[in-house]
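Visitor: The following block contains the structure, expressed as structure tokens.
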Amino acid sequence: MAEKKKRRSISTFAILLAVLLVVSIVTWIASGQTYTGFDEETGEAVEMAVVGATLSDILMAPIAGWHDAGDVIGFVFCLGAFLSILNATGALETGIQVLVKKLKGKELALVWILMFLFSVGGTTYGMGEETVGFYILLAATMMAAGFDPMVGAATVLLGAGTGVLGSTINPFATGAAVSAAVDSGVDVNMGIVYVEGIILWLATYVISALFVTAYAKKVKDGKGSILTAEQIGECKAAYGTSTEIDAGVRLTGRQKGVLVVFALSFVVMILGFIPWGSLNEGIYNAFGFSGLLTGNPFGDWWFDDAATWFLLMGIIIGLIGLDDKSKMMPCIVAGFADMISVNLVIALARATTVIMSTTGLGTWLVEASVTALSASGLPAPIFGFLDYLLHVGLSFLVPSSSGLASLSAPIVSPIVAGMGWSVETSIMINVAANGFVNLFTPTCGFIMGGLALARVPWETWVKWAGKLLAVIAVVSAVVLTVAMLILS
């Protein structure tokens, strides 16, 4: 019998390079098409044209992507150092084993709880790049609980992703779209926006949690994993001994201290990113003490602030948990090294965005397609459904929620308002469509980076989540179409 050939998976880098080349070719096809841009010096609207990407544009795009994603890359490097020091203390592996031992028989509850917490981060402040460090942690935890790495990766990605899809106070999605609509002279009822966001958030969260737990139960019952035995072996080698449970495992006092600092590190990061200034000025002012650490109060943090915070907390963890303090610097260097491939993925994913920005392709596509749809004269619910499909397509080219909002909302919102339709629903169409696409698009750097850390191939993720993604797309479209019908 002929030996069955081993199937090779396409590397993440090959996928991203292919996307970059396809987009570059599209810029040549669209070259000369005009759109409304803005003069950087005067800020005035001017007519501009799409230009075809040159060879130098394509060759320099990955380097430009590295610069463009510099703040995220710096954050990921410092997060790597933080996790490396944490792993050296042994507290994380021991803590995972203790947790799984205590949850014996109730492991599925862990998926529901953790996914909900990630979704809260998504709906409040657009938790995305901040999830990268959780992928390997959750993958190891779920393997120790008798599941597989896919369950861990899905808990993070779908948790935060469904929250972003149903963004409520997320300043980078809902906030950016509302701001763009208001700046174009349209009034927005935030109460309606919040209600629609909550419905989308909770509906997609419940659907995702049911899907993940059904798969997790199947894996635990020994009915198979979508990952091959070789892939699971690679995961075990990458995660270390935290995937195996010692019956007599116990946390020492120092390890408990390390885990308290570990938990505090993420709580503070979340507090730093939540836009307190737009929610409550009193709380925002009360959090001003964080300026002593980074120069910015909670609510004004960005990735440089988070990077500084994690590097500081990593050092504190080392002082508490390492017997030999001289190991701290080698751990920091090793942590940086562990994140090189992840950061290369993030930079290459951002390269496509850079090409679309420098050539004007992204702006032209958004303006041309949105204007054509808005002038179609369709009834409100049909317009809402087609607008959702349109923004799904646009989100592949403009994965940034704030970027898509700033391009689309100023065009769509005035037209929708003029027709007497629901501007709030048109805003949530923008947000939900972009959030849906960012559950799987290869141009999203933190997804590709996180999956790479968890050792889950991107094409395996898409194959595994395909049916779920279809259900989420349909449910989101139905909710928004009905909302447009009722509110218009």
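Visitor: Exactly one of these conditions fails for MET448: (1) in a helix (DSSP H, G or I); (2) modelled with pLDDT of 90 or more. Give me its number.
Guide: Against the list (1) in a helix (DSSP H, G or I); (2) modelled with pLDDT of 90 or more, MET448 comes up short only on (2).
Visitor: So ALA173 ticks every box in (1) small (Gly, Ala, Ser); (2) open to solvent by 40 Å² or more (accessible area, probe 1.4 Å); (3) farther than 22 Å from GLY418 by Cβ but one. Which box is left unticked?
Guide: If we test ALA173 against (1) small (Gly, Ala, Ser); (2) open to solvent by 40 Å² or more (accessible area, probe 1.4 Å); (3) farther than 22 Å from GLY418 by Cβ, just (2) comes out false.
Visitor: Is there a residue being closer than 18 Å to VAL354 by Cα and out of contact with any His (no Cβ under 7 Å at 6 or more places or on another chain) anywhere in the range 72-82?
Guide: For the range 72-82, residues closer than 18 Å to VAL354 by Cα and out of contact with any His (no Cβ under 7 Å at 6 or more places or on another chain): present.
Visitor: Moving on to the next point. Just checking: which of the helices (runs of 4 or more DSSP H) contained wholly in the range 135-231 hold 1 or more residues that are under 21 Å from the mean Cα position of the chain (by Cα) and free of Cβ contacts under 8 Å to residues at least 12 places away in the same chain?
Guide: 190-220
Visitor: Condition (residue is under 30 Å from GLY146 (Cβ atoms), modelled with pLDDT under 80 and of a type in the set (D, E, K, R)) applied to the range 39-49: is it met by at least one residue?
Guide: No - not one qualifying residue is present in the range 39-49.
Visitor: Step by step: first the residues of the range 429-472, then only those that are surrounded by fewer than 20 Cβ atoms within 10 Å (Cβ to Cβ) and small (Gly, Ala, Ser), then the one that is nearest to ILE15 (Cα to Cα). Which residue is that?
Guide: Restricting to residues being surrounded by fewer than 20 Cβ atoms within 10 Å (Cβ to Cβ) and small (Gly, Ala, Ser), the top hit is GLY466.
Visitor: Oh, and also: Does GLY314 satisfy the condition of being under 26 Å from THR89 (Cβ atoms), more than 26 Å from the chain's Cα centre (by Cα) and either at pLDDT 85 or above or surrounded by 20 or more Cβ atoms within 10 Å (Cβ to Cβ) (or both)?
Guide: In short, no.
Visitor: Could you list, in sequence order, all residues of the range 326-339 that are farther than 18 Å from ALA237 by Cα and at pLDDT below 85? Outline the logic, then answer.
Guide: Going through the range 326-339, the residues farther than 18 Å from ALA237 by Cα turn out to be 326-333, 336.
Once the filter is applied, which keeps residues that are farther than 18 Å from ALA237 by Cα and at pLDDT below 85, the range 326-339 yields nothing.
Visitor: In the range 76-105, which residues are within 16 Å of TRP302 (Cα to Cα) and modelled with pLDDT of 85 or more? Spell out how you get there, then give the answer.
Guide: First, pick out the residues of the range 76-105 that are within 16 Å of TRP302 (Cα to Cα): 76-79.
Residues satisfying the conditions are PHE77, CYS78.
Visitor: A follow-up question, please. Among residues belonging to the range 369-389 that are assigned to a loop (DSSP other than H, G, I, E, B) and small (Gly, Ala, Ser), point out the one that is nearest to THR36 (Cα to Cα).
Guide: ALA375
Visitor: Shifting gears a bit: Is there any pair with a first residue in the range 316-331 that is among the charged types (D, E, K, R) and a second that is open to solvent by 60 Å² or more (accessible area, probe 1.4 Å) and part of a helix (DSSP H, G or I) whose Cβ atoms are under 8 Å apart and which are 6 or more apart or on different chains, and what are they?
Guide: Correct list of pairs: LYS325/LEU319.
Visitor: Just to be sure, is VAL431 modelled with pLDDT of 85 or more and within 20 Å of the chain's Cα centre (by Cα)? Steps first, please.
Guide: Values: modelled with pLDDT of 85 or more: yes; within 20 Å of the chain's Cα centre (by Cα): yes.
Taking the combined requirement at face value, the residue satisfies it.
Visitor: Return the only residue of VAL366, VAL392, VAL354, VAL333 being part of a helix (DSSP H, G or I) and either in contact with a Ser or Thr (Cβ under 8 Å, 6 or more places away or on another chain) or open to solvent by less than 10 Å² (accessible area, probe 1.4 Å) (or both).
Guide: VAL366
Visitor: Going by the structure shown, is ALA380 crowded, with 24+ Cβ neighbours inside 10 Å and over 19 Å from ALA49 (Cα atoms)?
Guide: Taking the combined requirement at face value, the residue does not satisfy it.
Visitor: If you don't mind, another one. Select, from ALA470, ALA417, the only residue that is among the hydrophobic types (A, V, I, L, M, F, W, C), over 27 Å from LEU361 (Cβ atoms) and without any contact (Cβ under 8 Å) to a residue 40 or more places away in the chain. Don't jump to the end; show me each part of the working.
Guide: Working: ALA417 fails: without any contact (Cβ under 8 Å) to a residue 40 or more places away in the chain.
The unique qualifying residue is ALA470.
Visitor: Taking the range 291-310, which residues are open to solvent by 50 Å² or more (accessible area, probe 1.4 Å) and assigned to a helix (DSSP H, G or I)?
Guide: Narrowing the range 291-310 to residues open to solvent by 50 Å² or more (accessible area, probe 1.4 Å): 292-293, 295-296, 300, 302, 304, 308.
Those that are open to solvent by 50 Å² or more (accessible area, probe 1.4 Å) and assigned to a helix (DSSP H, G or I): LEU292, LEU293, ASP304, THR308.
Visitor: Yes or no: VAL132 in contact with a helix residue (DSSP H, G or I) (Cβ under 6 Å, 6 or more places away or on another chain), at pLDDT below 95 and open to solvent by 10 Å² or more (accessible area, probe 1.4 Å)?
Guide: In short, no.
Visitor: Next question, about the same structure. Name the single residue that is most open to solvent (accessible area, probe 1.4 Å) among those in the range 400-428 being within 25 Å of THR352 (Cα to Cα), polar (S, T, N, Q) and assigned to a helix (DSSP H, G or I).
Guide: Among them, the one singled out is SER406.
Visitor: Restricting to the range 180-236, and then to whatever is under 26 Å from TRP458 (Cβ atoms) and polar (S, T, N, Q), can you tell me which residue is most open to solvent (accessible area, probe 1.4 Å)?
Guide: THR228
Visitor: Report the residue count in the range 474-488 for those that are part of a helix (DSSP H, G or I) and open to solvent by 20 Å² or more (accessible area, probe 1.4 Å).
Guide: 9
The values are calculated or read from the model by the stated rules, or taken from the named source; none is laboratory data. Note that the structure is predicted; figures quoted are calculated from it, not measured. FYI the Cβ positions are ideal-geometry reconstructions off the backbone, even for glycines, and counts take in every protein chain you see. Side chains included, ligands, DNA and RNA excluded: accessible areas come from the protein's heavy atoms. Shrake-Rupley method; radii C 1.70, N 1.55, O 1.52, S 1.80 Å.
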